[in-house]
Every structure is written in C-alpha cells, then in structure tokens.
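Notes for the one structure printed next.
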Amino acid sequence: MTGEPSSDEHRREETARLNDLARREPHRVNASWFTTQGVAALVEGGAERGGELVQAIASFSTFDPGDDPYGERDFGAFTLWGERLFWKIDYYHPEREEHSPAKWSIELTRRVLTIMLAREY
C-alpha cells in the first residue's frame with residue numbers, strides 16, 4: 001500500500017494484513033524471521049522440523065483478544081513438539097535502529113518476527 005490509510009481502523013486492518021503476509025510470505029513485506037537459541041536447538045532435530053515450524057506460524061489463526069488486544073495479529077502462542085512457543089512481530093524503520101513511525105506501511109517498516117520458547121520470554 002503506497003498511501004496512508006485514512007483512519008485508525010484502516011491502519012489497524014492494514015497492519016494486520018501485512019502481519020499475516022509477514023507470517024506467510026515474509027519476502028513480500030520486508031520481514032525477517034529470527035529464532036532464539038532454544039528454538040534453534042529444537043529445529044536442529046531435522047530438516048522437517050524447520051518446515052513444521054514455518055507451517056505452524058504461517059497457518060496460525062487462533063488470535064486471542066488477551067494476546068491481540070489491538071487486532072493487529074502480531075503475537076501468537078502455540079504448542080509444537082511438546083513445547084510452548086511464542087512468536088511476536090516488532091516494527092522497525094528499514095534504515096535505522098528505531099521503531100517504525102508507520103507500522104501499516106511496507107515502505108516505512110521492516111517487520112521482525114521472533115520465535116521463542118515460552119520459558120525464554
């Protein structure tokens with residue numbers, strides 16, 4: 001989206017749409033994925049585990065109002081391989097080490113999705 005959404009509701013909807021793309025097609029929305037050491041150790045169990053983790057995040061759809069109070073779909077919690085995992089999207093300015101001024105903009109935002117074990121939080 002090149003123009004700025006005209007209302008808070010439209011900005012929230014656009015942020016949620018871009019966050020869904022960050023989970024499903026990160027290359028389309030300037031998103032990067034990172035894992036903590038605990039998650040990396042779990043994924044080392046085999047190539048299929050990496051695919052399972054990607055699929056679990058890409059298909060995630062159980063957004064709880066307590067975890068997603070603004071409806072932006074930027075956090076999720078799920079169980080995989082007997083472990084409780086969290087994922088969280090943060091918003092950064094693409095050329096600086098500061099938060100994005102407009103998380104509803106692809107041009108002004110680099111999305112960073114971090115996957116962690118709940119116990120690492």
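Miscellaneous remarks
- Normalised by the number of residues in the range 36-121, the mean separation of alpha-carbon contacts (under 8 Å, six or more apart) gives a relative contact order of 26 percent.
- Sum of -39500 (n - 2.57) over DSSP H runs of 4+, divided by residues of the chain (222 nm, nearest 500): -9000 deg cm²/dmol
- Each residue of the chain gets 110 Å³ once the volume of the Cα convex hull is shared out per residue.
- Only beta bridges with both residues in the range 8-120 are counted; by DSSP, about 75 percent of them are antiparallel.
- Computed from point charges on the beta carbon alone (+1 for Lys and Arg, -1 for Asp and Glu), the dipole magnitude for the range 8-120 about its Cα centre is near 160 Debye.
- Using the average count of surrounding beta-carbon atoms within 10 Å as a protection proxy, the listed peptides 40-51, 106-117 rank, highest first, as 106-117, 40-51.
- Each of 76, 33, 51 was scored by the projection of its Cα onto the charge dipole of the range 8-120, and the greatest displacement toward the positive side belongs to 51; charges sit on the C-beta of Lys, Arg, Asp and Glu.
Taken together, the values in this text are just the output of simple stated rules run on the coordinates, not laboratory data. Quick caveat: nothing in here was measured; it's all calculated off a predicted structure. Here the Cβ is made from the backbone with ideal geometry for all residues, glycine too, and neighbour counts use every protein chain on show.
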